[in-house]
Every structure is written in structure tokens, then in C-alpha cells.
Amino acid sequence: MAGLIKKQILKHLSRFAKNLSPDKINLSTLKGEGQLTNLELDEEVLQNMLDLPTWLAINKVCCNKAAIRIPWTKLKTHPITLSLDKVVMEMSTCDEPRPPNGPSPIATASGQSEYGFAEKVVEGISLSVNSIVIRISAKAFNASFELSQLQVYSVNTSWATGDLRYTRILDPTRGEILTFKEVSWQMIRIEADAIQNTEHEVVRAPIRLITNQSKIRVTLKRRMKDCNVIASKLILILDDLLWVLTDSQLKAMVQYAKSLSEAMEKSAAQRKSMPPDTTQVTPAPPSAQQVRTQQASAAADQSASMARLFNDYDVRETSHHLQITHLDLHICDDTNAKDRGINKRIDSGAMQLSFSSISVDYYPFHKAGESSMHWMHYGEATKSRETWARSLLEEFKSNVEMLKTAVSGQSQSSPQHGENLLNSLKVDFSAVLKVSTADQPRSSPQSMISCNKKSLYLPQEMPAIHAEFTEYYFPDGKDYPIPCPNLYVQLNALQLVLDSRSLVWLNLFALDLRQSLEQFMELYKLNDSQKPDEHVDIRVDGLMLKLVIPAEQERTQPDQPRSVSVQTSEMVATNTRHPSGCTRSSLEALLQAFQEQPFFTSLSASFPRSQSSFSVLHPVFQRHAHEQDTCIHDVYRGLAPPSLSTNALKTAAATDLWAVHFSQFWVDYEGSRSGRGRPTPCVDSFPLTLWVCHPARYTQHQERLRAGVGSGLLPRSESAEIASRLQRKKLLKEYYSSDASPSNMPSNGLHKPQSLDGLFSDSSSSPSLASSSSEVDLQVIVHIKKHLSAQVSHGQYVFLLRLQNAVKSLQRTLQQDLEQYGSKRQGPTQPFSACVGVLMKSAEVALLLKPIPQPDSNTSPLDSDVSPSESRATLEAGSEESDGHERPSAAGEGTRKVDHTDMLIHSHTHRFLRFVHVLCSGRLIQGKSQSSISVSFKNMKKSPSLQSLDDFSIDSYLLEDCDSYSLLERGTCTLEHNVLLVCILLWESFIMFVPTMGQYWDIYIFLCIKYLYYVHLQVSVLVLKIHSVCCSLDLKGDDTAVALEVGRIRPNQLGNVSLRQYLSNRSGSGSEPSAVLNPEVQVRLESGPGAAVHSPLAEQNGFLQCRLQAFSADFLMASLRNLGLFLEDDSASQVLPMEITIKDTHVNLKDDGPRDNASEPEATPIAVHIHNLLIHRQDDGSFNIGGGYSYPLLPLLMEENECLKLELSKAKMALAEAQMEKDSLQHQMKSLKLTSRGSNS
């Protein structure tokens, strides 16, 4: 009996094991126990069974001991137990992909019979392995994986062990069955170390990772008639992970991954070219007739319930999932970095990255265009991506139909595309903390990147980051057009703090990592000839994103904020044209708005732009707006041969044109004391649109196409077509405009355009792009359609200046590190260049100045009934009278005390409030009743209830130095101090006359005081209303040039207003500006080596040129004085050389200062008319004021000098030619003389 069983065991195990003989099997038939020793498995069969990728091969697998236990009497409910002691597997990587995997022996065996009792018993086998050791040998490293206490067992739908009959769900109507398995282990240890030999003497830190108990949940769907696996779902669940990595270990990880990337790419390409696996295709559900035939009438209800249960746990397609509850990653510097000669700005730096609820889902066989509602983590983000991807697929199908028409002239049916998808990379941020160092004082960790879902009351199930990547392919490798891959990213409530210390550390860390990777690739001779970047359809959606730029210096002003925050409600960034606001028609309308401004279309390069300035409206934008850069366009124009190959409709990443649209974009100040914990508005919300392209990369791509296929540039006929099309649109726009006057209309009813000659003048000649070396690397155009409103106070202005210096210092530090530790492999490259154009319809900037002193009234507040001394005396008398009264009885004490207190409060409330209004108007007379307000608030005795109001106390900076004596003696009784004195007097008086009730009433009174303080805080507001703002920024290496042109600017002086009232009632829209022919303000700021032609100091500090012409305004003298105080800065300012030209300017100055006598007439306004004035500031800081120069002298002199040099060179050449002619004539004369002498002789 035992011999027969051994033969059957040998028959089945011989397909998996090698060198298997009966003497290696110990069997006890009756006990149901058996044992195998020294078992060696077949590598090829195991590769096929595990379906390993072809870049990985198994060399050897052995097991020292295996035991089996069979419960003969309980096979239906209890599993067969298979126990392995130690399994050792040796693997290696393949530089070239090995042959594809063959059919699995399990699938071959199971496909030979229907699903019956034997299959149920085999499927329910439970496996346990004490230790599994996997060793992998690669080209650059050796790795090992060690798993301990691995167990594989069957579970029910609740993932719990139990009766085997509940571990499967059978649906006889479909002929399919679901089974549930779980794999768990106690620990996994991963190690990787570099290969050390005499040829490659490189020392790298070993990588180690130890994880806690983890598990894998597997759901299999089989066909009952042949037991083939139709679909499967695999979920890897990892518990909390903590991983500490040094920079050398992280470098090693990147290097190892790079060494495997080439082999993995080849293997992926091989897999895509293979024919599809028919077993992975879900069959169509049976017809209704088949269902009625298969079902029995007695079991109809049971089958229906089983069908519903089957649908609840059905696996519709194969998928793989990874779930991590929490991940803490610590990256720190090596302690021996200095010993290796590495000198960093920040020593012993470390950064912590904390992630929670990480999930990665992978669907390898999803059909293109099919619904994703059955996916594991289907949500709103996946729905948004699905809608966007479907629109991309529809556009691709229409392009294929047009391409097929161009190829064969007839339409054909298109095959179905497969879809290889990495879906739903969901991450919830806990925090990415700032860099900390050993010498840094220990404090609570501060976040650099965090998620604000809780503070914004967003759903907790909403992920902070959601990303989906889709790649299309034909499973059989058919050569037919396929869509471009697409990437969808959604960012929700993320906040980024620009910490300079962390940015410097990250920049050095990334540069060091890149440098070590380049050395590694040179050492192992890895192929770095990357193919041209292919286009990937990308869309990034953002919700409630926030960028915080903190100030590193201490406060120097009372209302100075601590940081500035840039926020947006909704954002979309994409290189496709499907989202609203990012379409080609939107770009065309934007270009039309830019073309209407002479600042962007003028060919004379007049001031403030120069001849060396880049063109803001690059032809790339024009081509894209009119669909002149598509593959279909090139085919129909004859620029590309029509074909139905795989890459027929694919484009290069160099042709990408990005659109970024912000529905609401605003800027706030944070941390200011006057804000009471809330942000203070800086720039009100407005919609913002940006378009970005890379002309240099585009030109290089066109040059490669020209070299390979032929010219791919825009013909002259297309240029004329674009120009005429835009001319017609502009004429129609002017014809239907409603704000034009009839007097400007010609007889034919059309408005005369402002300028049609210059419309697309660049394109009319030829939009052919120049060489890539002369093109700009980055081109950006920014359009602000709506009215923009901003406000700034003196403290905020000083803060912005400090912030600008800090950003410049950070930029300089990052640039120095980049130059020192940058890539050494690349040769000399062209300096980076960029051009940014900004168009703004209208804006207003409110300057919050100090309040203007008001003239005194005829009656003094101290002589009235609200005098502080009188109020103080009245209160003291009332207090004495109350003290002299008899104490009421205990029975009526409470009622009488409340009535008396209410009476006193009612009698003095009106007088206190009137006194508050008097002082808030700035009319506190000094020198009187100083003794009445001689008590300092900080020395006042506080009641218990007041001591509990620390969070509601008046700002500390007002309480520290607000002794009433010092304020009056120094004469600095400003509005804030006046209100504070009211608070001190009101509190002191009330406590004195109601000492017994202060415990209950001081809260109310103190909150009233605080409210009055902020309500009556007044400022003087100067609003600058600006219309038609055009700006350009040119970057060429170290040279920077900013050109600004303002069509019209008008000041509006509102005088003293309540700050709270102004911020709540300010207008959110500006008036419609009229047509501006000549700009009033033109500014140009240059810095860098190119600015040295103006001044030696300009290379470092910059050079400012400003022209003010045809400007007219009215100013109050007090506003100008306040403006001077507003621009004051205590820090040492740098000397900025400048040249200011003022022409045809009219300014009316009105003296609104206080008068000694109210009967004096008002001062006559002073009219200032400046015909021509030139103000020049030298490098030493001195100002030279003169007139008669409308243009800068130095550029004209330089130009004249160049002309004189050219004429001098021409004169020298003419002189040299004349000298040569003279020598030639002398030589001829000598030869003639010699000839004549010879003839005479």
C-alpha cells in the first residue's frame, strides 16, 4: 500500500522536483503523515508557476525537509497541512530578457478536469515555512530576502480561518467559483550590498530593512469546467514602517535601481509584444436560456442568494494592491562625511517624512474606455480622471479615423486597446518635517509639507495626493497607432513652507546624489543614451493649495507679519486642451488681448524694451492656438508621411505647451499682531492664467525632424493664413464693440483698428524658428483678466523688503551650490534663459498710512463733561458714596447690589463711550490731567476673571511700553495710544468704583474695550488706481531685465478711515479703462554683467530707468509726508543707480495742515508743471538734477562711439588699400624705368 502511494506521489511531484527517489520519502499511510528530505525543485517549472518577470531568473531552489499531514476523516472541513523547514532560493538578474515563461504546471493539471472534490482538497492545502532565504546576484550588487514563519492558508469572506466549506463561493449560473487565501509572515529582512572587487574599488553603505508582521490577501476566480484562473486580486498589507536611511544608503538604492532599469524596460517591452493570455479574459455571462437550463426549480432561491453573494465579492479583472498604514522615513547625513572630503553648508542634517494610508493599485488588463466603478478605491478623483481620459481617447479615435482616411481613403474598424494602469496612488500626509541639525535647539518639530484637511473641514477620506498613470498597448504587439500615456494627479489641501535651511540641505543632497549616480554609471559603463522624451498627457488638479514664505528675521515694526502665504481655491495644470480655461480658443483669445498692446507687438524695441529683448509672443504659441503643431496637420500638409504605425500619432515632449489656470488666487499676511491670529489681506482673490512653452527644445526637435524627414517649419502661406484670420477676428470684435463712439466709425460702419500693420508682423515675414542656441529656454505669458486689488502698510512694506532680500540670498546660495556640485558630465552649455510676459487689465494698490492729524475744534474735550479728570472725580465720588452707605441685610443684599451696579454702569456708560470717540479722533491735549491717567495698565491689580483672559488680552507690544507718563512726555500719543489710554482709564475707574462686582463684570468691560480698540483704529488710505499694466521679464544667464509699462495711474486719497471698515467695504472691481494711447509710466530695471554699461555698480545692485510723461494728479501735503514715512526703512539700504526722466507732468499740491486760526482762509493749491526734468543717481548715492535730456545720454554716447569706431575702421581699410595701390604704382614705375634703360642701351 505504501509503495503504491509513493508511486503516485512521485508521479505528481516529479513535475516540480528534480532527482526525486522513493528513498527520500517517509510515509505513514494510516496516520496520514509523510516526510521528504533534501528536496530540490525544478527552476524552470518554478519560474513558470510564479510567473516571474523575464529580467529575473531562478538558478537553484532546495528544501532540507518537508512534512505533510492529511486528516483522512475530515477532508471536507480541515485542510491538508504541508510544513517546510528551510527553503533556499538563488536567483540572478539578466542583462537581456530570458525566454518568456511557459504554462504553469498547476494550470495545466487543473485544466484537465472539472472542479470536483479532489480539486477542493488540493486547493485547501495549508502551507507553513519556518524560513525562506532568497539570494539575488546582480551586476552591481547582491541582495537577500529572508522571511520567517511564512504561512499560507484558506480563509472565509471575513478573512478568518474556519471550515473549508466557507472558504469558497460557487455560482453555478456562471460556472465560476471564488476562493480566498491569505499569506502571512512574522518578519522580513531585506539586505543589499555592493559588489567589492579589485577593479571597482567603491565603498557603499549596505541597505537593510526589517518589517513587522505583514500579510497578503488573495482572491481567485476559476472556471469550474477546467479550473483555469480567470482573474485574481492580490492585496499586500504592511503594518507601520520605520526606516532610517543615511545619504550613502539612499545613493546606493538609487544606483541599484538604475542598474536594473535597462533590463526591466526590455522585459516590459517583451511582455507587451506577447500574445494575450486567454485565461485572463473574463467570459461573457451566460444567456438567459442557459441560466434557465442550468438552474433547478427547487434550488432557485438558493442560487439567487449565492449569485448575489458572488457579485458582492466578484473579481472582475486581475489587480494587485499595496496598503501601508503608516510610513516614517528618516533621511540623515553620514557622520563621516567630512572624512570623505565632503564639505556641506549644513552638517549632520536630518529630515523626517511621515506618510499615512498609502495605497497603490495596479490593473494590468483593463480594457481602454471601460468603466472603473468596480475598482477597489473608486472615488471622486478616479471619476474625474475617467472623464478626462475618456475625452482624450475620443480625440485619439477621431484622429485615427482621419489618419486612415489619409492613408487609404476609407474608414476601417479599429482594434481594441489594452490598458496597463498604475491606478490610485493615494497618500495622506502626516508631515514632511523641516531639516534639523545637531546644533539646533531642541523644540517641537515643524512641518515643511503638511495637509490642512482638518482645518478646512474637508472629508477625512479625501487623500492628500492621488495619482493615476495609464499606459496603452496591444497585447499581441500589433503595429497600430496607440494613444499617448496619461498621468492624472490630484493634490488636496497641501501646504508648503519655504524653509531656507531645508531647501539648501535638499539642494545639496540632490546634487550629491546626482553626482554619485553619474560616477556609478561611468564605473559600470551603463547606457545613458536616453531616447527622446515622449509626450505624456498630464493633468494636475489642486484644491486649497497653500504656499507659506516665512521671515527669518525678528520683527522691527509693531504690525510686521511673520510670513506671507500664497493660496488658491482650485488649480489645474495640464499639457492637454480639454479642461475649461486651457483650450486652444482660450489661448487664441489671450494672444488677441496681448496683440492689442503695442508693448508686446512693437518692432522698434522702444523703451522700456530693448533690441536684445526676447519676443513675448513666440510663434510656438501661435502655432498651437491654430492647431498648426499636430501630427494630423503635418500629414495633411505633406510634412510627414501618412502611416498607421505604433508611433504615428505620438509627439515628443519638446512640443508640450502647458496651461495653468487658477480660479481664485490670493495672497495674505500671517502672524501680524493686528490680525489677532487671522490672516491679513495682501492681494485679494483674482483668476490667473499662465501659458508655458519651451522654444529651445521645440527648435531642437524641429532640427532633428528637418535632418531626418525634411523641413517641419511653418510655410509662409500658413503665416499669411494666421495673420488674415486674426485680422478678421479683430475687425469683427471692433465692429461689435459697444463702447466705441460713433464719431470714430468710418462710413462703412467698421471701426478703424488701432494697428493692423503690426498684427503678427513676426509671422508675416516668417515664423520659422531660429537656431536652438538663440532661442529662449522658457517662455511664459501671464494674463489677469479681472481687477486686482492689493493693500500694504508700513510694517508690511518693510517685511516685503526683508523677504525680498532673503529670497535673493537663498537664490544666490542655491546657484553657488549648483555651480560647485553640479553635473560634470555635460560639457559647456548655454546659460539658462527665460522670458515672462504679464498683462493686467486694471489694479489698485492701497497704501495704509498713518492717520492725518485733524485740526482742533473750538471746545476742548477736557473742558466738557467728558473730561478725564471730571470723569475720574465723579467716579471717585460715586465710589465714596457707595462706601458710606449702610450694608443691606443679608436677605436683600444680592438684589440691591445688582440694582446699584446696573445704575452706576448705566449712568457712566454714555460718558465713557463719548470720551472714547473724542480720544479716537486724535484730540488728546497734553499737559492736563496727567495725574488722572498715571496708573500703568501692567501694574494694575487684576481680578480672577481677568487673569483667566490671557488669550483675550491686548497685544503685548502695546502693554509693555504704554506707561501713560512716558507716552505724554514723549509726545507720541498716536491713535493707538489714545485708545489704549481710554482702556486704562476705563478699567482703572471701573475697578475702583465697583470693587465687589469686578469679578463678574470685568470680562464684559474688557472685551468691550478690546472691540473699541480695533473698531476705532484709523489709518490714512492712499489708493493708486492703475490701468493697462504690461510687464516683461528677461533672463539671460546672470543678466536680468524687467520692463514695465503703465497706461494710466491715478491717486485717490481717502483720508482717515477705519481700518476695519475699509477692509470690509473696499471695492472688488475697477472701472472700465478707456483707450490709452501713450503710457504714462515706463520703467526698466537691469542687473547683472549686462547692466555694467550704465554704471559699474549696476552689475551688482542694478540700474533703474524710469520715464514719467503726461502725468497729472492732485496730492495733499499730509499724504506726501505720510508717504515719505511709509517708505522709510531702518536697515542700511543699497545704492541703486537710477535715471528718471519726467516730461509734461502736472501736479497740484494742497496744504491740508492744521491752521492756527480757524478764520484763516484755506491755502491756495500749488501747481507744479514739469516740462522736462532728468534725475540721475550716481554710484556714490548722490543725485544730479538737470533738464533737456529726454533719453539717457550714456546709451547714445555708446552708440555714437560704436559708429565712430566703424567709420574709423573703414577709413583705415581705405588707407591700406590706397597704400597698396601706391606701392603697386611705384613698382610699375620702377619696372618701366628699367625697361626703358634696357632699350636705350
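Observations on the structure shown:
- A cut-off of 5 Å between modelled amide H atoms, ignoring neighbours fewer than 5 places along the same chain, links SER842 with LEU788, SER1028.
- Global form of the stretch 431-503, assessed from the alpha-carbon gyration tensor, a/c cut-off 1.5: prolate
- Taking a sphere under 12 Å around the Cβ of GLY124 and counting the other residues whose Cβ falls inside, with K and R at +1 and D and E at -1, yields a net charge of +3.
- Estimated vicinal HN-Hα couplings, Hz - the stretch 583-598 in sequence order (Karplus 6.51, -1.76, 1.60; Gly, Pro = x): 8, 5, 5, 5, 5, 5, 5, 5, 5, 5, 5, 5, 5, 6, 9, x
- Distant-in-sequence amide H partners of ALA231 (H built 1.01 Å from N, under 5 Å): LYS221
- For the stretch 48-151, the fraction of 1.4 Å probe accessible surface lying on carbon and sulfur atoms is 58 percent.
- Annotation: amide H of MET91 within the under-5 Å range of ASN59, ARG135, ILE136, SER137, sequence separation 5 or more or interchain, hydrogens built in the peptide plane.
- Above-threshold pairs, the threshold being 31 Å between Cα atoms, out of LYS74/LYS215; LYS233/LYS454; LYS24/LYS76: LYS233/LYS454
- Counted charge near GLN560, where neighbours are those whose Cβ lies closer than 11 Å (Asp, Glu -1; Lys, Arg +1): +2
- Cβ-defined net charge surrounding PHE145, 11 Å radius [Lys, Arg +1; Asp, Glu -1]: 0
- Whole-Hz couplings from phi, Karplus 6.51/-1.76/1.60, listed for the stretch 479-492; x for Gly and Pro: 7, 8, x, 10, x, 6, x, 9, 10, 10, 10, 10, 10, 10
- Kirkwood-based Rg to Rh ratio, the stretch 26-175, C-alpha trace: 1.01
- Shape of the stretch 1076-1176, Cα gyration tensor, a/c cut at 1.5: oblate
- For the residue pairs LYS546/LYS841; LYS258/LYS404; LYS181/LYS266, alpha carbon separations beyond 28 Å are given by LYS258/LYS404; LYS181/LYS266.
- In order through the stretch 569-580: 3J(HN,Hα) via Karplus (6.51 cos²θ - 1.76 cosθ + 1.60), integer Hz, x for Gly, Pro: 7, 9, 9, 9, 10, 8, 10, 10, 10, 9, x, 5
The values are calculated or read from the model by the stated rules, or taken from the named source; none is laboratory data. Computed from a prediction, not measured in an experiment: that's the story for all the values here. Glycine also receives a Cβ, built like all others from the backbone with ideal geometry; neighbour counts cover every protein chain displayed. In case anyone asks, the SASA skips ligands and DNA or RNA and just uses the protein heavy atoms, side chains included. Shrake-Rupley method; radii C 1.70, N 1.55, O 1.52, S 1.80 Å.
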